[in-house]
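Okay, so here's the structure we're looking at.
The values are calculated or read from the model by the stated rules, or taken from the named source; none is laboratory data. Treat the numbers as computed from the prediction; the structure is a model and nothing was measured. Cβ coordinates were reconstructed from backbone atoms using ideal geometry, including for glycine residues, and neighbour counts include every protein chain displayed. For the accessible areas, the whole protein counts, side chains as well, though only heavy atoms, and no ligand, DNA or RNA atoms are used. Shrake-Rupley method; radii C 1.70, N 1.55, O 1.52, S 1.80 Å.
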Amino acid sequence: MLLRTGRKGPIARWTVRVSKPPVKPILRCTAGARNKLMEDAVNWSARTIESSFNDTAITETSFLEWQSASYHSCLAHRLPQVRDMTRSSLRIDEPLDEYLTALLPEEPAVLVRLREETSRLEAASMQIGWEQARCMTFLLRCLGARNTIEVGVFTGYSTLITALALPDTGRIVACDINREWTGIAQKYWREAGVENKIDLRIGPAADTLDGMLANGNAESFDFAFIDADKTGYDGYYERCLTLLRPGGLIAIDNALWDGSVANTDDNSEDTKAIRALNEKISRDPRVEAYLAPIGDGVHLAWKR
């Protein structure tokens, strides 16, 4: 902090008071807080001239010239460090993962049995885990969801999670093309007593969603979960966004694609499709978005 300790006028005596480095402002810095960060950083960097400025008469103009130079120096050299600090997240190692898992409520027996049967399938890795399922339950209940869409059912684990979170009057339009996998799903839906909430539609999801739009169902759904063919993701996103009410939420699974989205050498059709949609959603003015690093990545888009 710079304090005027002498007389007023074009020449005045200034004293630099050195305070602690602005650690807290840096840690909570966002792009919108750039100017505040720079102001704090300049004040902090004043310590470098304490010995020469303390008890020395200088002009206010000279100090402002030095302050401007310090500002641009901070801009050039300190901001990369700040970005690195704000970007880092706590790494989840095995002990911490076990701690978090221990805090989850017990997985219902019907879900355990469904997950175990699915694990024997060749495509078992397509199923979401219990941690992600709990996150979905939390989101659905926060939304007060009643009407939802699911694009890609597989063996019905995520559909069952959704049905259990909905009220008795809730319903799910569940889209898939595979009768064998959805046959497994229906068995567990019946066992859980939620089959009446689920409207299973076998056929291309794009056609099902287009039919719903043609029937005047725009803005009538609270939530949509997309976990199907990756090259179709953009089309599913657009259709679901139209079907969603303002304040509704879309959750798109596999948004990190096992890390492939950050691998510039991976240009498979699936990876390119997910990467492109992630970038599109992050800049889409129609939604508030957050790519949550849970499971294989869940891109959340809340409709404005």
Problem set entry | Breaking point among (1) over 14 Å from the mean Cα position of the chain (by Cα); (2) assigned to a strand (DSSP E or B); (3) not small (Gly, Ala, Ser), for Leu300 | (1)
Problem set entry | strands (runs of 3 or more DSSP E) lying entirely in the range 142-238 (those with 3 or more residues that are touching a Lys or Arg at 6+ places or on another chain (Cβ under 8 Å) and not polar (S, T, N, Q)) | 171-176, 198-202
Problem set entry | Residue pairs meeting the criteria (Cβ under 7 Å; at least 6 apart or on separate chains; first open to solvent by 60 Å² or more (accessible area, probe 1.4 Å), in the range 109-128; second part of a loop (DSSP other than H, G, I, E, B)) | Arg115/Gln127; Met126/Phe154
Exercise. Do you know which residues across the range 246-283 are surrounded by 15 or more Cβ atoms within 10 Å (Cβ to Cβ) and under 21 Å from Leu139 (Cα atoms)?
Worked result: Gly248, Leu249, Ile250, Ala251, Ile252, Asp253, Asn254, Ala255, Leu256, Asn278, Ile281
